[in-house]
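**Q** Got a structure for you, written out below as C-alpha cells; questions coming shortly.
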Amino acid sequence: MVAVTLAGSEEVVQVVGEGTRAVGAGVPEGEAYAAPVPGPTFAAHFHLPGDPAVAPYAYGRQGNPTWTALEAAVADLEAPGEADAAAVVFPSGMAATTAVLFSLLRPGDVAVLPSDGYQLLPRARERLEGFGVVVRTAPTGADAQLAAIDEGVRLVWVETPSNPGLDVCDIRRLAEAAHARGALLVVDNTLATPLGQRPLALGADLSVASGTKALNGHGDVLLGYVAAREPALAAAVRAWRTETGAIIGPMEAWLAHRGIATLQLRVERQGATALAVARALRARPEVSGVRYPGLPEDPGHEVAARQMRHFGCVVSFTLPDRGYAERFLAALRLVSDATSFGGVRSTAERRARWGGDDVPEGFVRLSVGIEDAEDLVADLHAALDAAGDVSSGGARAT
C-alpha cells in the first residue's frame, strides 16, 4: 500500500508494509480520549431525521457502523490503495457465496463452477439449476476450465488453491479468457487470504472468502465477505444482503476486525510451519500424495509462485486406509480432530467422513496453526508411529 501525506506543499509517499496495513486496516484516525478501535454498535435502528435516502445508517438490516469498519478493512486488504474498491460482509462464507451466485445470475445464464471445490458448491449448483441457471463444472488447474468458457458464459467461479485438494489455477489467464467472452471471474480466496493472494489485482471481478478461516483466525466467528473493484458489483451483492436479511451480528464483525490485526503474523508463521510439516510428511514411507503449493515439488507450485505471496496453512496427504487415518488422528496430541482451517490451533480431519469430496478414505486435511514447528512435526511423527504400530499388531504409543 502507498500512503500519501502532505508535508508543507509537497507530497510525501510512504510505503506501508503488510503488517502495518493489517494493524491499521479499517481503523479510524485517533481522537483524543477515544478508544483506538471503536466497540461494536448494537442497534436495530438509528435516529433518522429527514430524507432516509441520504442517511448513512437507518435500519439495522441495511447497515451498521461495525460492519462499515470491517468492510473498509477487508477492502483495504483485498485491493490496497484502490478508492473504488468495496467489500460486503456476511454471516458465513456460504452466505457470501450464494449472495454472489444468486444476485448476479438469472434464468438462462450459464455459470462454470469447479468440480473439485468446496463440498457445499454442488448444493448451490442444484439450487441454481432449479432457478433455470445452466451450470457446467470443470476441475481446478486443468485446461478444462478454459475449455468451459465460451461466448454464452456469464460467470466463472474458481477456488485457488482448491479445498481440499490444493490444486491451483492461473487467475490472470482465466480472467482474460472470461473477459474476452463477456463473463465475470469470481475467485474463492479463502485459503490464500488477501495477504497471500490478491485476485482483484490479477484480473478477477470479485474475491469471495470465508472469513471464518484465517482472516479471523481464532475459530470463534462465522464470517464471509465479497470484495470488488467495481462499485456496481458490490452494490448488487449488498442489495441481496439487505433483501434477504443475510446480515452479520455487530459482535461477530467486531471480533473479526480485531483478529485482522494479527493476520500478517499468523500468515507468515503458519506458512513457514506448513512448509516444514509438508517436508516432514514427504519423508514418511506410509504417507503419499502430499500437497502444499509452497513445496517446489508440488504440481501447482509454478503457478502458485507467480500469483501468491504466501502459500497458506493447509497441507493435505493420504494415509494407507481409513483405519490408519483414524488411528493417526486419535494419536495426535497437539492437533485437534476438527473441521475448518486457518485457526491459531492446528486441526486435522479425515475428509472423506463428510462425503461429497472425491478423495481417498485415508485422505487427511491438516490445518497448521501457530504452534512451534518442531513440536508439530514431532507430534505428527509420533502419531504416524503409533498408527503404524497398531496396524502391525503392536501396542499404541502413549
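**Q** I'm told residue 319 meets every condition in (1) over 22 Å from the mean Cα position of the chain (by Cα); (2) more than 22 Å from residue 116 (Cα to Cα); (3) of a type outside the set (Ser, Thr, Tyr) except one. Can you identify the failing condition by its number?
**A** It fails just one condition, (2).
**Q** Which one is farthest from residue 19 (Cα to Cα), of the residues in the stretch 267-312 that are of a type in the set (Asp, Glu) and open to solvent by 40 Å² or more (accessible area, probe 1.4 Å)?
**A** Of everything passing the filter in the stretch 267-312, 297 is farthest from residue 19 (Cα to Cα).
**Q** Shifting gears a bit: In the stretch 152-210, how many are in a loop (DSSP other than H, G, I, E, B) and under 18 Å from residue 18 (Cβ atoms)?
**A** 9
**Q** Would you mind stating whether residue 333 is under 27 Å from residue 220 (Cβ atoms), at pLDDT 95 or above and surrounded by fewer than 21 Cβ atoms within 10 Å (Cβ to Cβ)?
**A** Yes.
**Q** Right, here's the next one. What do you reckon, is residue 46 aromatic (Phe, Trp, Tyr) and touching a Phe, Trp or Tyr at 6+ places or on another chain (Cβ under 7 Å)?
**A** Considered against the rule, which asks whether it is aromatic (Phe, Trp, Tyr) and touching a Phe, Trp or Tyr at 6+ places or on another chain (Cβ under 7 Å), residue 46 comes out as yes.
**Q** While we're here: Outside any loop (DSSP other than H, G, I, E, B), open to solvent by 20 Å² or more (accessible area, probe 1.4 Å), of a type in the set (Gly, Ala, Ser) and at pLDDT 95 or above, is that true of residue 232?
**A** It is true that residue 232 is outside any loop (DSSP other than H, G, I, E, B), open to solvent by 20 Å² or more (accessible area, probe 1.4 Å), of a type in the set (Gly, Ala, Ser) and at pLDDT 95 or above.
**Q** Only one of 160, 137 is within 23 Å of residue 359 (Cα to Cα) and in contact with a Ser or Thr (Cβ under 6 Å, 6 or more places away or on another chain). Can you tell me which?
**A** Answer to the check: 137.
**Q** Please give the number of the condition residue 286 fails out of (1) farther than 19 Å from residue 166 by Cβ; (2) over 22 Å from the mean Cα position of the chain (by Cα); (3) free of Cβ contacts under 8 Å to residues at least 40 places away in the same chain.
**A** With respect to (1) farther than 19 Å from residue 166 by Cβ; (2) over 22 Å from the mean Cα position of the chain (by Cα); (3) free of Cβ contacts under 8 Å to residues at least 40 places away in the same chain, residue 286 is out only on (3).
**Q** Test residue 58 against the stated conditions and say whether it is surrounded by fewer than 18 Cβ atoms within 10 Å (Cβ to Cβ), farther than 27 Å from residue 168 by Cα and either hydrophobic (A, V, I, L, M, F, W, C) or in contact with a strand residue (DSSP E or B) (Cβ under 6 Å, 6 or more places away or on another chain) (or both).
**A** When the stated conditions are applied, residue 58 passes them.
**Q** Quick one: would you say residue 264 is part of a helix (DSSP H, G or I) and either open to solvent by 10 Å² or more (accessible area, probe 1.4 Å) or touching a helix residue (DSSP H, G or I) at 6+ places or on another chain (Cβ under 6 Å) (or both)?
**A** The answer is yes for residue 264.
**Q** State yes or no: is residue 158 crowded, with 18+ Cβ neighbours inside 10 Å, among the hydrophobic types (A, V, I, L, M, F, W, C), closer than 20 Å to residue 309 by Cα and in contact with a helix residue (DSSP H, G or I) (Cβ under 7 Å, 6 or more places away or on another chain)?
**A** It is true that residue 158 is crowded, with 18+ Cβ neighbours inside 10 Å, among the hydrophobic types (A, V, I, L, M, F, W, C), closer than 20 Å to residue 309 by Cα and in contact with a helix residue (DSSP H, G or I) (Cβ under 7 Å, 6 or more places away or on another chain).
Yes/no matrix, rows are residues, columns are (1) open to solvent by 50 Å² or more (accessible area, probe 1.4 Å); (2) touching a helix residue (DSSP H, G or I) at 6+ places or on another chain (Cβ under 9 Å):
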site	(1), (2)
81	yes, no
89	no, yes
96	no, yes
99	no, yes
116	no, no
121	no, yes
129	yes, no
145	no, yes
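**Q** Can you tell me how many residues within the stretch 353-380 are in contact (Cβ under 8 Å) with a residue 12 or more places away in the chain, open to solvent by 60 Å² or more (accessible area, probe 1.4 Å) and part of a helix (DSSP H, G or I)?
**A** Within the stretch 353-380, residues that are in contact (Cβ under 8 Å) with a residue 12 or more places away in the chain, open to solvent by 60 Å² or more (accessible area, probe 1.4 Å) and part of a helix (DSSP H, G or I) number 2.
**Q** Within the stretch 293-352, track down each residue that is in contact with a helix residue (DSSP H, G or I) (Cβ under 6 Å, 6 or more places away or on another chain), in contact (Cβ under 8 Å) with a residue 24 or more places away in the chain and closer than 22 Å to residue 198 by Cα.
**A** 293, 307, 310, 311, 313, 315
**Q** Turning to a different aspect of this structure: Go through (1) open to solvent by 70 Å² or more (accessible area, probe 1.4 Å); (2) in contact with a strand residue (DSSP E or B) (Cβ under 8 Å, 6 or more places away or on another chain) for residue 176 and report which single condition fails.
**A** Only one criterion is unmet by residue 176, namely (2).
**Q** Test each condition in (1) touching an Asp or Glu at 6+ places or on another chain (Cβ under 8 Å); (2) at pLDDT 95 or above; (3) closer than 19 Å to residue 214 by Cα; (4) open to solvent by 30 Å² or more (accessible area, probe 1.4 Å) for residue 339 and report the one that comes out false.
**A** (2)
The values are calculated or read from the model by the stated rules, or taken from the named source; none is laboratory data. Computed from a predicted model, the values in this text were never measured in an experiment. Here Cβ is always computed from backbone atoms with ideal geometry, including for glycine, and neighbour counts include all displayed protein chains. Surface areas here come from the heavy atoms of the whole protein model, side chains and all, with no ligands, DNA or RNA. Shrake-Rupley method; radii C 1.70, N 1.55, O 1.52, S 1.80 Å.
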